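Trainee: My questions will all concern the structure given below.
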Amino acid sequence: MSEIHLVQVRPVARERTERDGAGEPGASPLGVLLPGGRIRPGTAVSAGGDLPLLLALAAAASAGSAGWAVVALPELGPRAAADAGLELGAGMWIDAPGRRWPHVLATVLEAVPVVMVGPLPPAPDRVARRLSAVMRRSGTVLLAAEVWEGAEVRLRVTTAVWEGVGTGFGLLRGRRATVVSTGRGAADQARRADLWLPGPDGLVATIAPAAADTAIPGSEGATVTGRRGLRVLG
């Protein structure tokens, strides 16, 4: 039997009808990597195995939405989700969807606007087509931690360096990362961005070209907000 952990699930279907679109993901620094500056409702995006990138995508896609869910990602905890900017009161965790994972995932896609998905067994073509149809009908965004067949946009971190840690000691200030995107259709043109992922406030932030060699995140070269600093000991 699948093990389901609920944080708090809101009446998603009703709230979705009261708003337009799927939040305002175009306002995120990740917008430069996405066709039209946003994640299109009813499509899938893969994060190339990078958890901070997956969380940043989810925070952008769920801005102003009624809820989000995590399927088959037991390593993702509430603290990491909250630090990335996700509203915990709107989240749902399904750590182990079990052998009937296509049915579980389809049910979640019908109910929740933004769904993060961990590694799952390969799906037969008919199952993949059914899940794609559910996404198009519901307008749900699927964010895959790993590879997802049929993803419109495929993102991956090509380089990543943590700032603020010395030889065996120090306080992590942020992670400088280069992210590239490829895809199909409107996303077939490769894009690239240098980002704090996460920045000193725990959120994704843009690194201006003129500040690409600056070693201290949070300076004028980084676009950050007023959240508390990232407190991770090295």
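Trainee: Along the Cα→Cβ direction, 7 angstrom out, place labels at L171 and A186. What is the inter-label distance in nm?
Mentor: Label-label distance for L171 and A186, simple model: 4.2 nm.
Trainee: Still on this structure, please answer the following. Using only Cα atoms, figure out Rg for region 112-169 and give it as a multiple of 2.2 N^0.38 Å.
Mentor: 1.62
Trainee: Determine the dipole magnitude for region 31-133: charges of +1 sit on the beta-carbon of Lys and Arg, -1 on that of Asp and Glu, nothing else is charged, the reference point is the Cα centre, and the result goes in debye to the nearest 20.
Mentor: 400
Trainee: Once fully extended, how much extra length lies between R156 and R137, figured as 0.36 nm per residue of separation less the alpha-carbon to alpha-carbon distance?
Mentor: Here the answer is 4.1 nm.
Trainee: Compute the distance in nm between two label points, each set 7 Å from the Cα along the Cα-to-Cβ direction, one at R129 and one at R100.
Mentor: If labels sit at R129 and R100, their model points lie 2.4 nm apart.
Trainee: With a sphere of radius 12 Å drawn around the Cβ of R156, what net charge do the other residues whose Cβ falls strictly inside it have (Lys, Arg +1; Asp, Glu -1)?
Mentor: +1
Trainee: Let me ask another. Determine ³J(HN,Hα), in whole Hz, for all residues of region 146-154 in sequence, where each value follows from phi through the Karplus function 6.51 cos²θ - 1.76 cosθ + 1.60 and θ = phi - 60°; x replaces Gly and Pro.
Mentor: For region 146-154, the Karplus-derived couplings read 10, 6, 9, 4, x, 4, 5, 10, 10 Hz, x marking Gly and Pro.
No lab work stands behind these numbers, since they all come straight from the coordinates. Owing to the predicted nature of the structure, the values given are computational and were not obtained by experimental measurement. Every residue, glycine among them, receives a Cβ derived from its backbone with ideal geometry; neighbour counts consider all protein chains shown.
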